[in-house]
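The values are calculated or read from the model by the stated rules, or taken from the named source; none is laboratory data. Note that this is a predicted model, so its numbers are computed, not measured. Every residue, glycine among them, receives a Cβ derived from its backbone with ideal geometry; neighbour counts consider all protein chains shown.
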Amino acid sequence: MKFRIPTNSLKILGIALCLAVLVGAWTLQGHWWPPLLNWVQQTANRSRLETADANRTDDEGGEDDGHGHDYGAEENAVELSAQAQKNIGLTTGRIELQDFKRTISVPALVTERPGKTHLHIATPMTGVITHVMIVKGEAVLPGKLLFEIRLTHEDLVQAQTNYLQTLGELDVENREIARLKSLTEGLIARKTILQREYQKDRLEALLRAQREALLLHGLTPQQVDSIAHDRKLLRKLQIFAPASHDDPGEIRLTNQSIQQTVFEANKDESHDDARRTPLVVEQLFVHKGQAVQAGDPLCVLANLSELFIEGQAFERDMDALLETANQNWTITAVRETESSEPETIPGLQLIYLDNEIDLQSRALRFYVALPNKIVRDTQDDEGHRFLAWKYKPGQRLQLRIPVEIWKEQIVLPAAAVAREGADNYVYVQHGKKLVQRPVHVKYRDPVSVVIDYDGSLFPDDVIAMSGAHEIQMELKKNAGEGAGGHAHHGHSH
């Protein structure tokens with residue numbers, strides 16, 4: 001026995017399926033209708049232009065002399081000569097859908113990194129400057145000899161003297177004990193040897209205390225060992241450039257004369273980048289022959305390889321800044337230059353926001369990391385190296401802060417869109433001509449323009465990416481010539 005579905009039921013089922021499809025299509029029309037409409041309009045536009053080309057060729061006997069008579073709307077097309085294209089710096093490119101970050105712009109200033117950019121070098125001991133190995137403005141590598149000081153620090157001299165005296169007394173006791181032990185057993189009382197050994201223990205305890213005193217004066221264990229080995233006082237203090245704030249720098253006490261070939265430990269490429277970062281002598285406070293006390297400043301070194309950009313946003317922008325930080329969106333800095341195009345510095349990271357708002361300006365300060373780079377590196381006849389860094393504290397910038405992301409947008413350079421009253425135009429390349437195309441601008445800033453994806457433009461269209469305003473002026477000029485009886489059919493000769 002076969003089971004059959006009633007005909008009426010099949011009809012009802014079919015109607016229900018059709019209704020479900022229609023309802024679903026109506027519900028999702030926002031996803032499929034705009035692309036379909038765009039495709040239909042774009043196809044119609046291209047068909048119209050191709051038909052116009054065909055008609056123009058037929059009217060002129062199949063030859064294209066560059067004077068079209070029916071180019072859709074003849075007054076909306078222009079052909080630029082090679083010289084004109086160079087004059088306006090014309091560039092073309094294909095339209096691609098891309099994500100766009102809407103931004104706000106705030107003023108900013110390049111600043112130093114507090115506690116990191118400047119390193120203050122001071123003398124740890126009293127003395128007289130005998131050699132100054134640097135000049136103001138010079139760039140030095142970490143490990144370079146900066147100063148040599150002849151010590152006049154009485155406490156240190158006395159501590160070294162006491163240490164040497166104790167060493168000498170300990171040597172005498174050791175020799176005496178060895179002599180007594182070598183004599184014939186019984187001739188010397190055991191009590192005498194014990195007394196000498198007690199004296200030796202006392203001297204060794206005193207020596208350990210004096211060693212610690214020398215270490216407290218700033219000497220290294222190696223330098224104390226050198227005093228014990230050479231039995232000479234250290235009379236000169238040598239101060240070397242540190243690598244960073246985490247590195248106190250090297251301080252050497254020596255009794256050797258200074259050599260003009262200074263120590264530079266960072267010439268070896270195996271050292272890390274931080275150890276090879278040059279430091280600029282921003283201030284120099286001493287000169288040869290000057291007496292200095294412990295703690296007196298000698299110089300200030302600046303590490304300009306990394307700086308901060310201090311932005312000043314309005315109080316109402318605080319939520320946008322927090323969103324940028326939470327989403328790890330990058331920030332772009334803009335610097336005005338002599339050329340018409342400003343310099344952009346993309347990919348910058350927001351470091352932190354101030355936790356208070358300025359009472360006077362009501363500005364919220366925030367800080368962005370700015371990697372720096374060397375743009376000039378020279379050396380004078382005396383071997384002093386001088387650098388010029390690209391970014392300097394005090395420079396003014398603009399920061400573009402992303403506040404939201406728009407997916408799948410037509411994003412063009414600002415120079416690709418010409419504005420005339422309430423209308424906006426781009427110029428689509430068709431053969432040798434540039435055809436005017438009206439567009440709807442959704443968003444505009446000094447750098448970018450977002451075009452509504454409504455069928456006026458289509459991905460893979462080739463358009464003029466620059467010089468749109470100049471092309472617009474040329475088109476209007478040609479239209480004026482045509483009205484006066486001197487039309488050149490949209491051409492620029």
Filtering segment 428-459 down to residues that are out of contact with any strand residue (DSSP E or B) (no Cβ under 7 Å at 6 or more places or on another chain) and of a type in the set (Asp, Glu) yields Asp454
Turns out the strands (runs of 3 or more DSSP E) fully within segment 86-175 with at least 2 residues that are within 30 Å of Asp454 (Cα to Cα) and hydrophobic (A, V, I, L, M, F, W, C) are 97-111
All-but-one check, Ala122 against (1) in contact with a Pro (Cβ under 6 Å, 6 or more places away or on another chain); (2) buried (at least 17 other Cβ atoms within 10 Å of the Cβ); (3) of a type outside the set (Phe, Trp, Tyr), failing number (2)
If we ask which residues in segment 200-243 are among the polar types (S, T, N, Q), surrounded by 12 or more Cβ atoms within 10 Å (Cβ to Cβ) and more than 16 Å from Gln165 (Cβ to Cβ), their number turns out to be 4
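Given Thr324, Thr344, which one is among the β-branched types (Val, Ile, Thr) and part of a strand (DSSP E or B)?
None of the other options fit; the residue is Thr344.
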Among residues of segment 223-248 being within 14 Å of Leu279 (Cβ to Cβ) and small (Gly, Ala, Ser), the residue modelled with the highest pLDDT is Ala241
Scanning segment 301-335 for residues that are of a type in the set (Asp, Glu) and touching a residue at least 12 places away in the same chain (Cβ under 8 Å), the one farthest from Ala363 (Cα to Cα) turns out to be Glu306
Report yes if Gly93 is of a type in the set (Gly, Ala, Ser), at pLDDT 85 or above and under 21 Å from Ser456 (Cα atoms), otherwise no.
yes
Note on Arg175: of the conditions (1) more than 13 Å from Gln238 (Cα to Cα); (2) crowded, with 18+ Cβ neighbours inside 10 Å; (3) of a type in the set (Lys, Arg), unmet is (2)
Right, Glu197: within 30 Å of Ala294 (Cβ to Cβ), acidic (Asp, Glu), modelled with pLDDT of 85 or more and assigned to a helix (DSSP H, G or I) or not? no
Quick one: is Ser339 among the small types (Gly, Ala, Ser) and at pLDDT below 90?
yes
How many residues of segment 126-148 are surrounded by 22 or more Cβ atoms within 10 Å (Cβ to Cβ) and small (Gly, Ala, Ser)? The answer is 2
